[in-house]
1. Just check the range 108-183 against the gyration tensor rule for me: Cα atoms, a ≥ b ≥ c as the square roots of the eigenvalues, rounded for a/c under 1.5, and otherwise prolate or oblate depending on whether a/b exceeds b/c.
2. Run through the range 71-154 and list the GluC sites (Glu not before Pro) located in a DSSP loop whose Cβ has at most 15 other Cβ atoms within 10 Å.
3. Could you derive backbone 3J(HN,Hα) for the range 68-81 from the dihedral phi with the Karplus parameters 6.51, -1.76 and 1.60 (θ = phi - 60°), listing whole Hz in sequence and x where the residue is Gly or Pro?
4. Assuming a ≥ b ≥ c are the square roots of the Cα gyration tensor eigenvalues, decide whether the range 55-195 counts as rounded (a/c under 1.5), prolate (otherwise, with a/b larger than b/c) or oblate.
5. Based on the alpha-carbon gyration tensor of the range 64-135 and its eigenvalue square roots a ≥ b ≥ c, which shape applies: rounded if a/c is under 1.5, prolate if not and a/b is larger than b/c, or oblate?
6. Give the long-range amide H neighbours of Trp161: residues separated by 5 or more places, or on another chain, with amide H under 5 Å away, using H modelled in the peptide plane at 1.01 Å from N.
7. Distance in nm between label sites at Gln146 and His63, each 7 Å beyond Cα in the beta-carbon direction?
8. Taking the Cα centre of the range 93-195 as the origin and placing charges on Cβ (Lys, Arg +1; Asp, Glu -1), which of Ala133, Ile163, Cys143 is farthest toward the positive end of the dipole?
Amino acid sequence: MCVAACLLAGCHMNGRQSDGKEADGMDKNGELTESFDPKADSLAVCGWVKGVYKDVFDAYLRHINDIEIPSASVFDKKYFSEDYLQLDSLISAIDSKETGMVGFRDADHWIQGQDWCEDLACKIENVRNDPTAATVYLTITNCNGQQPVCLELKKEGKEQWSITDMLTKSDSDEWVSEREQMQKYIDEMGEKAGE
């Protein structure tokens, strides 16, 4: 399904990093070298994302009628980048000290909600990638609702990807960065603690 979704989506492949610097797999003129095959890399990214969501959703669906709730943090540690996890650790420390508050997360970002249903699914819509990073647009289906999600990935080894940010659409149809919201929360709660 992932391969078909990627091919049907007309994946756009960009050979430059977003900061304009040359990436591994590019020569000094910004031309792709033989070591970077955009189509193959795009398919590899699709396969990785498909595997991630299969792992996550299988765990949730095993507990569809249970009181036991899968821990999103287990999957965060497995699939998110180290720098993302450092922000998450700061948030956990802040939230553990606050009483009477919901805290930063009032919903699970993996399933895009608080509850999950048997229709839990992920469809990859598009992939943009270069040799060291990828942006994956997907749709999460849960409890008859659909939520667009954008994953920002970075390559941390020859075949190893990690998620550096997860973006969702706001009510005004703008992409909202979870990473930016995390930093904002840390800054605001730090100011509150300093008062």
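1. prolate
2. Qualifying residues, ordered by number: Glu98, Glu118.
3. After applying 6.51 cos²θ - 1.76 cosθ + 1.60, I find 5, 10, x, 8, 4, 5, 4, 6, 4, 5, 7, 10, 8, 5 Hz.
4. oblate
5. It is oblate, given that a/c is not under 1.5 and a/b is not larger than b/c.
6. Glu156
7. 2.8
8. Result: Ala133.
The values are calculated or read from the model by the stated rules, or taken from the named source; none is laboratory data. What you see is a predicted model; the values in this text were computed from it and never measured. All Cβ positions, even for glycine, are placed from backbone atoms using ideal geometry, and neighbour counts span all protein chains on display. When the accessible area is computed, the model is the full protein with side chains, heavy atoms only, and any ligands, DNA or RNA have been set aside. Shrake-Rupley method; radii C 1.70, N 1.55, O 1.52, S 1.80 Å.
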